[in-house]
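As structure tokens, the structure follows; a few thoughts come after it.
The values are calculated or read from the model by the stated rules, or taken from the named source; none is laboratory data. Not measured: the values here are computed from a predicted model. When we count neighbours, we look across all protein chains shown, and the Cβ atoms used for this are built from the backbone with ideal geometry, even at glycine. Heads up: the accessible areas ignore ligands, DNA and RNA and are worked out on the full protein's heavy atoms, side chains in. Shrake-Rupley method; radii C 1.70, N 1.55, O 1.52, S 1.80 Å.
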Amino acid sequence: MIDEPTLTCEELLTTTRCVRRGLDLDRAVDPELVKDCLRIALQAPNGNNRQNWRWILVTDPHRRAQIAEVYRAAFHDRNAAALKRPGQLPEPARAVLASARSLADRLHRVPVLVIPCLELPDGRLPPGNQAGLWGSLLPAAWNYALAARSRGLVTAWTAVHLDREREVADLLGLPPTVRQGALLPTAYPLRASFRPGPRLPLEHVLHLDGWQGA
């Protein structure tokens, strides 16, 4: 059993990873613990404090299996060429593909699936830049991932199923006004510690006072 971690703020922010393979698929997760994490998620900023986020918490094994079937179909459609010739991918991409495939193959066994959603007046996404729209949901979803990590759980942020969003919506009985933003499989981890992920140095991505200011 992995004890609940005691993390500094910096450790929490730098070691909350997308965990696809290291999920304990045999250990149950108390839905009340997940609800505690979601209460923290609701403290995230959102536009004009509308709070039009909606959260789908899926624990029923049959429903999880249905969602996983749609997810796998979307995953294989999206990665068909790479899955046929994984050896032609560079090593980092090959490793990510193998990890993502592992999650897709076992998603039905993950004890909790959390789907953050937005409820819109007519369910239509606006044309053009949608940053303001999703900025009222995705910070809360990340709050959930951080809260889960602080309580000894791990998550895997994925949006593959959105390629077949309507199919999942039909399975869950979502009205047309509700749009999904991500999928967060949630479980206990198989190991206790995580390191920061590989990232480019700040100097490679920082531009000062405009694009040419780097």
*GNM, the chain, Cα, under 10 Å: largest mean-square fluctuation among PRO176, PRO201, PRO126?*
PRO201
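For the chain, rounded, prolate or oblate, judged on the Cα gyration tensor with a ≥ b ≥ c (square roots of eigenvalues), a/c < 1.5 rounded, else prolate if a/b > b/c? Could you put the intermediate results ahead of the total?
Numbers: a/c = 1.10, a/b = 1.02, b/c = 1.08.
Here the chain falls in the rounded category.
Can you run the Rg to Rh ratio on segment 173-214? Use alpha carbon positions and the Kirkwood inverse-distance Rh.
Values: Rg = 19.5 Å, Rh = 15.7 Å.
Result: Rg/Rh = 1.24.
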_Neighbourhood charge, 12 Å Cβ-Cβ cut-off, centred on PRO121 and excluding it, Lys, Arg +1 and Asp, Glu -1_ = +1
*Mean accessible surface per residue for the chain, computed with a 1.4 Å probe while every protein chain stays in place, in Å²*: 57
*Assign one of three labels to segment 97-161, namely rounded, prolate or oblate, based on the Cα gyration tensor with a ≥ b ≥ c the square roots of its eigenvalues; rounded applies when a/c is under 1.5, prolate when it is not and a/b is larger than b/c, and oblate otherwise.*
prolate
*Within the chain, helix-based [θ] at 222 nm, where runs of 4 or more DSSP H residues each add -39,500 (n - 2.57), nearest 500*: -11500 deg cm²/dmol
*What net charge do the residues around ASP26 carry, taking every other residue with its C-beta under 12 Å from that of ASP26, with Lys and Arg at +1 and Asp and Glu at -1?*
+2
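Need the full-extension length gain, SER99 to HIS204, defined as separation in residues times 0.36 nm minus the C-alpha distance. One decimal, nm. Can you show the working numbers first?
Numbers: separation 105, 0.36 × 105 = 37.80 nm, distance 2.64 nm.
Computed gain between SER99 and HIS204 is 35.2 nm.
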